[in-house]
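Trainee: Got a structure here, written out as structure tokens. Questions coming.
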Amino acid sequence: MTSDKSKLPIDLNPQKIPQHIAVIMDGNGRWATSRGLPRIAGHRQGAKTLKELLRCCKDWGIKALTAYAFSTENWQRPVEEVDFLMHLFERLLHRELAQMHQEGVRISFIGDLSALPKSLQTEMERSMAETLNNQAIHFTVAVNYGSRNEITRVCRQVAQLVEQGKLSAQEVNESLVEQHLYTADTPEPDLLIRTSGEMRLSNFLLWQMAYTEMYFTDILWPDFNREAFHQALLSYQNRDRRFGQVKASLSA
């Protein structure tokens, strides 16, 4: 690493920096339990890690970060934990919005937000409206998000357009589907990072990650610091991204 931690480490190629990174932040509960702390302490620390990663992405020239904060399946967790997470989201938004706005962060939320507490929905809408024109980095948070749910919703919307005669079945293509996804205005992720040793997608951005490079680490999310992120980017830069094609060999 360079001495100034805000600068890109010298062993990373600025030409091969991913433009969009997605993260599955796993291991908050285990981190807390291993320290004899309640699970909510892990979520609190995990929020600090996410804030630090966002700043690091901005410092190193990464244009978009999408974090999986709460899935449609997470409602099955203990009520106290779910309530704490909802309050944590709201409190963080309330406390951090001015700073993020000042730093040029554009904030988006994706998922079925209608199921969230009304006060949280209000904070989310306010933060999205206030930061809409910011361009330093696009920070997307997936809350009450499930990819199958998202794709089903798109199918329903497209089917309604066909039913209403506004669209023919022949006009349905990948581009049309993408226009109806929550992420319509965001490029697909170049890199997915999942912490804590789990190696699955857990219903996250299934359509969007068709050609995303994946990086799994045993590090628990609250311990995922700049050095761990640096290692993930080194791994990414060593990969040969072909998007299903074969690189033309040099002619003799």
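The values are calculated or read from the model by the stated rules, or taken from the named source; none is laboratory data. Just so you know, these numbers come straight off a predicted model, no measurement behind them. Cβ atoms come from the backbone with ideal geometry, glycine included; neighbour counts cover every protein chain shown. Just so you know, the surface numbers come from the protein's heavy atoms only, side chains and all, with ligands and any DNA or RNA stripped out. Shrake-Rupley method; radii C 1.70, N 1.55, O 1.52, S 1.80 Å.
Trainee: Once Lys and Arg get +1 and Asp and Glu get -1 on their Cβ, which of 141, 193, 6 lies farthest toward the positive end of the dipole of the chain?
Mentor: 6
Trainee: Among (1) 17.3, 52; (2) 19.3, 67; (3) 20.1, 73, find the value of Rg and Dmax of the Cα atoms in Å that was calculated from the structure presented, and write down its label.
Mentor: Only one listed value fits the structure, namely (2).
Trainee: Full-extension gain between residue 175 and residue 114, please, as 0.36 nm times their residue separation minus the C-alpha to C-alpha distance.
Mentor: Gain on extension, residue 175 to residue 114, equals 19.3 nm.
Trainee: Charges only on Cβ, +1 for Lys and Arg, -1 for Asp and Glu: so what's the dipole of the chain about the Cα centre, in debye to the nearest 20?
Mentor: Computed charge dipole of the chain: roughly 380 debye.
Trainee: Here's a follow-up. Along its principal axes, what span do the Cα atoms of segment 109-252 show, with the longest given first and each in whole Å?
Mentor: In descending order, the Cα extents are 54, 52, 31 Å.
Trainee: May I ask for the net charge around residue 97, where only other residues with Cβ less than 14 Å from the Cβ of residue 97 are counted and Lys, Arg are +1 while Asp, Glu are -1?
Mentor: -1
Trainee: Calculate, in nm to one decimal, what residue 135 and residue 34 gain on full extension: separation in residues at 0.36 nm each, minus their alpha carbon distance.
Mentor: 32.4 nm
Trainee: Taking the Cα centre of segment 104-252 as origin, sum charge times position over the Cβ atoms of Lys and Arg (+1) and Asp and Glu (-1), and report the length of that vector in debye to the nearest 20.
Mentor: 140
Trainee: What is the magnitude of the charge dipole of segment 1-142 about its Cα centre, with +1 placed on the Cβ of each Lys and Arg, -1 on the Cβ of each Asp and Glu, and no other charges, expressed in debye to the nearest 20?
Mentor: So the dipole magnitude of segment 1-142 works out to roughly 360 debye.
Trainee: If you don't mind, another one. Here is the link list: 5/58; 5/48; 48/118. Which ones come out longer than 19 Å on Cα distance?
Mentor: 48/118
Trainee: Another question, then. If r is the Cβ-Cβ distance from residue 6 to residue 207 and R0 is 35 Å, what FRET efficiency results, to the nearest 0.05?
Mentor: After rounding to 0.05, the efficiency reads 0.55.
Trainee: Taking amide H atoms as placed 1.01 Å from N in the peptide plane, list the residues 5 or more away in sequence, or in a different chain, whose amide H sits under 5 Å from that of residue 108.
Mentor: Amide H neighbours of residue 108, under 5 Å, 5+ apart: 139, 140, 141.
Trainee: Hey, another quick one. Which parts of segment 23-49 would a label at residue 80 reach, counting a residue when its backbone N lies under 14 Å from a point 7 Å out along Cα-to-Cβ?
Mentor: Those under the cut-off are 33, 37-42.
Trainee: Name the aspartates and glutamates eligible as straight-distance cross-link partners of residue 63: C-alpha to C-alpha under 16 Å, and not fewer than 8 places from it in the same chain.
Mentor: 52, 103, 185, 188, 190
Trainee: Ordering 221, 75 from largest to smallest accessible area (1.4 angstrom probe), what's the sequence?
Mentor: 75, 221
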